[in-house]
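Read through the structure below, which is laid out as structure tokens, and then see the notes.
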Amino acid sequence: MQQNTIQKRQESEENDSVRLKYRPLSCALDFDKCRIYALFLNNIMKNIVVLISGRGSNFEAILRTARSEDWEGRFGLKIAAVISNRPLAKGLDAVAVDHKAYPTREAFEEALTAAIEPYKPAVIVLAGFMRILTESFVARWEGKILNIHPALLPLFPGLDTHQRAIDAGCRVHGSTVHFVSSVLDGGAIIGQSVVPVLPSDTDETLAARLLPYEHKLYPQCVKAVALGEVKLIDGKAVMSDEVAHHLAIFWRKD
Ligand code: GRF
């Protein structure tokens, strides 16, 4: 009986040493599992691609918010790429697709599409992107492209919005995030931020008052669309009352 127990123990120790010998293999298997898990995560991660032309302060605000709210860890949202149509535009590791290098708007957009497509973006964010996009480009990404416009749309589409708000005697002004459609600054409205217009304002002081409120608004709109909380349905931005509250941002005196 005792002999049996000793024999069993010896067998068990031998088995242990066999297991130990195979440990590297099991580690390799674990490593494979990790790699597969990473690939899986990569596939369920939703990519955000940002297009810029110049200063890039809205892009920076989105990036800052994504980091401080841990979008990757909490929501699987990743700012995957920044693409600039100007070689010198600033931006973190911005890829340049210089529009001047292409003979036509279509050729430029083909190159832009080639730069965007590998990321399979859930959202494309125009952040001060100063190129007019063709109907076919917009249609290709319908419901996924957002823009921020520095006025309370549908008032003041186009340029010089701050001066036009002052000249019109507006007491409030603001910014609008909207889905991009084939009508310039005409797509469905997702969110707006509002600031006062003061009698002493110039277009510069008004722009400076508004910019921090663009920076509060845009990241929240991007997140809401990426998470499917706002959807473009039949030309309208559809969302719950709670989300709509969150995407209406008002100036507050400090
Ligand atoms: C912002 O005022 C935005 O509303 C408009 O262009 C400007 C871009 O600024 N579309 P930035 O490049 O994000 O600093």
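Nothing in this text is a laboratory measurement; each read-out follows from the coordinates by a stated rule. Since we're looking at a predicted model, the values are computed, not measured. With ideal geometry, Cβ positions are generated from the backbone for all residues, glycine too; neighbour counts draw on all protein chains shown.
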Inset, instruction - Report, in cubic angstrom per residue, the convex hull volume of the C-alpha atoms of the stretch 46-143. - result: 90
Legend entry - Segments 190-201, 234-245, 142-153 sorted - mean Cβ within 10 Å per residue, highest first: 142-153, 190-201, 234-245
Inset, instruction - May I have the extent of the alpha carbons of the stretch 159-219 along their three principal axes, as whole Å values ordered from largest to smallest? - result: 35, 23, 16
Legend entry - Principal axis dimensions, the stretch 210-254 - Cα atoms, whole angstrom, descending: 38, 17, 17
Inset, instruction - Compute the Kirkwood hydrodynamic radius of the stretch 92-159, taking the inverse of the mean of 1/r over all pairs of distinct Cα atoms, and give it in Å to one decimal. - result: 13.5
Legend entry - Equivalent ellipsoid semi-axes - Cα gyration tensor, the stretch 130-254, angstrom: 25, 18, 11
